[in-house]
Amino acid sequence: MALIVGCGAVGRRLAHALSSAGEPVRGVVRSPDSAQALAEEGIETLVCNLDEESLPPGASAGEAVWYLVPPPAQGREDTRLQGFLAGLQNSGQPRRILLISTSGVYGDCGGDWVDETRVPNPRVDRAHRRLDAERRLLAWREASGGEAVIFRVAGIYGPGKLPLERLRRGLPMIAPEQAPWTNRIHLDDLVQACVLGMRHGRDGEIYNVSDGHPGNMADYFNRVADLAGLPRPPLIDPAEAGERLSAGLRSYLAESRRLRNDKLLRELGLVLRYPDLASGLAACFRDAGGS
């Protein structure tokens, strides 16, 4: 049985993709409310608060596990994954774990093209936590003999994952010509990659997950605004960012890199449904009005 640990936007779509292909699936969620919602969609669930407990005995033995749970909000270590891996002594060692990490572990690359050989250089705590998770998973692989695949994922967009509320609030942004390079992947293409990564990803390998067509955040917001019929964000000078942009957004704007996805496409055989932002956003608004 496929075991999806963490069933948010990506996990739910992944569960349905696997189920539609005839593969038995169980989703691990934190709350009874989340379990009820998944059950109503026909997905078997298991409630487990990973900060306080481990999976039940036998729940993960010999399974294919997608670990999609974000780290805790503070610190530089992923204590949540640490507890999950320790609990496998009781719940059973999986056959393979696919971990969702972030391209943020590379840090600021000055706009360079970046492949998986680039040495990580995280600059902010959230990226340190993700790199800590990667290292813990690889240590588990060495100690247990289980297999591990790591995805360094770019910014995810898609239905339900667009900055519509930010645009409605009229929050500012710097001009496109002043914005750094950023990278994106459509939600449905990430789900495709997750399926293929479990099947074809090489044990112990890391894959950049992006559409291979970098852009910038300001242009992204403008495109979404135009398609949604909303005003484009008012422009501010980067010197004003400290006062008018959130700390999280400032940290994203302080880093610039262009992700190569050659390895992802070549080794996993992934054919992107949305190979660029234009096609992906058009699908979002055509199919679901961007919600």
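The values are calculated or read from the model by the stated rules, or taken from the named source; none is laboratory data. The model shown is predicted, which means the values in this text are computed figures rather than measured ones. No Cβ is skipped: glycine too gets one built from the backbone with ideal geometry, and neighbour counts run over all protein chains shown. Protein only, heavy atoms only, side chains kept; ligands, DNA and RNA dropped before computing areas. Shrake-Rupley method; radii C 1.70, N 1.55, O 1.52, S 1.80 Å.
Do we find that Pro214 is more than 16 Å from Gly158 (Cβ to Cβ) and either under 17 Å from the mean Cα position of the chain (by Cα) or surrounded by 14 or more Cβ atoms within 10 Å (Cβ to Cβ) (or both) in this structure?
Working: more than 16 Å from Gly158 (Cβ to Cβ): yes; either under 17 Å from the mean Cα position of the chain (by Cα) or surrounded by 14 or more Cβ atoms within 10 Å (Cβ to Cβ) (or both): yes.
Yes; evaluated as a whole, the condition is true for this residue.
Within region 183-194, does at least one residue satisfy the condition of being open to solvent by 20 Å² or more (accessible area, probe 1.4 Å), part of a strand (DSSP E or B) and charged (D, E, K, R)? Show your work before the answer.
Going through region 183-194, the residues open to solvent by 20 Å² or more (accessible area, probe 1.4 Å) turn out to be 184, 188, 192.
Subset that is part of a strand (DSSP E or B): 184.
In the following step, the residues that additionally are charged (D, E, K, R) were identified as 184.
Scanning region 183-194, I find at least one residue that is open to solvent by 20 Å² or more (accessible area, probe 1.4 Å), part of a strand (DSSP E or B) and charged (D, E, K, R), so the answer is yes.
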Residue within region 88-97 that is within 18 Å of the chain's Cα centre (by Cα) and at pLDDT 95 or above present: yes
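Quick one: is Leu85 in a helix (DSSP H, G or I), over 19 Å from the mean Cα position of the chain (by Cα), on the phi < 0 side of the Ramachandran plot and crowded, with 20+ Cβ neighbours inside 10 Å?
Working: in a helix (DSSP H, G or I): yes; over 19 Å from the mean Cα position of the chain (by Cα): yes; on the phi < 0 side of the Ramachandran plot: yes; crowded, with 20+ Cβ neighbours inside 10 Å: yes.
Yes.
Filter region 8-34 down to the residues that are open to solvent by less than 20 Å² (accessible area, probe 1.4 Å) and not aliphatic (A, V, I, L, M), then identify the one that is nearest to Glu53 (Cα to Cα).
The initial filter retains those residues of region 8-34 that are open to solvent by less than 20 Å² (accessible area, probe 1.4 Å), namely 11, 14-15, 18, 25, 27-29.
This time we only want the ones that are not aliphatic (A, V, I, L, M), so: 11, 27.
Numbers: Gly11: 20, Gly27: 16 Å.
Among them, the one singled out is Gly27.
Collect the residues in region 35-48 that are open to solvent by 50 Å² or more (accessible area, probe 1.4 Å) and either part of a helix (DSSP H, G or I) or touching a residue at least 24 places away in the same chain (Cβ under 8 Å) (or both), keeping them in residue-number order. Steps first, answer last, please.
Here is the first cut: in region 35-48, the residues open to solvent by 50 Å² or more (accessible area, probe 1.4 Å) are 36, 39-42, 44, 47.
Answer for region 35-48, where residues must be open to solvent by 50 Å² or more (accessible area, probe 1.4 Å) and either part of a helix (DSSP H, G or I) or touching a residue at least 24 places away in the same chain (Cβ under 8 Å) (or both): Gln36, Ala39, Glu40, Glu41.
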Any hit, region 209-220, residues being more than 25 Å from Asn261 (Cβ to Cβ) and in contact (Cβ under 8 Å) with a residue 40 or more places away in the chain: no
Hey, Ala73 free of Cβ contacts under 8 Å to residues at least 12 places away in the same chain and within 21 Å of the chain's Cα centre (by Cα) or not: yes
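Only helices (runs of 4 or more DSSP H) wholly contained in region 223-291 count here; list those with 2 or more residues that are modelled with pLDDT of 95 or more and crowded, with 19+ Cβ neighbours inside 10 Å. So that I can check it myself, show each step before the final result.
Details: elements: 241-244, 247-253, 262-268, 277-288.
Hits in region 223-291: 262-268, 277-288.
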Pairs with Cβ under 6 Å, 6+ apart, first in region 248-259 and at negative phi, second at pLDDT 85 or above and in a helix (DSSP H, G or I): Arg257/Tyr106; Leu259/Ser103
Ala9 vs. criteria within 26 Å of Arg199 (Cα to Cα) and modelled with pLDDT under 95: yes
Test: residue in region 49-65 that is within 22 Å of the chain's Cα centre (by Cα), surrounded by fewer than 22 Cβ atoms within 10 Å (Cβ to Cβ) and more than 18 Å from Pro94 (Cα to Cα): yes
Among (1) open to solvent by 50 Å² or more (accessible area, probe 1.4 Å); (2) touching a residue at least 24 places away in the same chain (Cβ under 8 Å) - the single one Ser91 does not satisfy: (1)
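I'd like to check something: does region 105-126 contain any residue that is over 30 Å from Ala254 (Cβ atoms) and open to solvent by 10 Å² or more (accessible area, probe 1.4 Å)?
First, the residues of region 105-126 that are over 30 Å from Ala254 (Cβ atoms): none.
Looking for residues that are over 30 Å from Ala254 (Cβ atoms) and open to solvent by 10 Å² or more (accessible area, probe 1.4 Å), one finds none in region 105-126, hence no.
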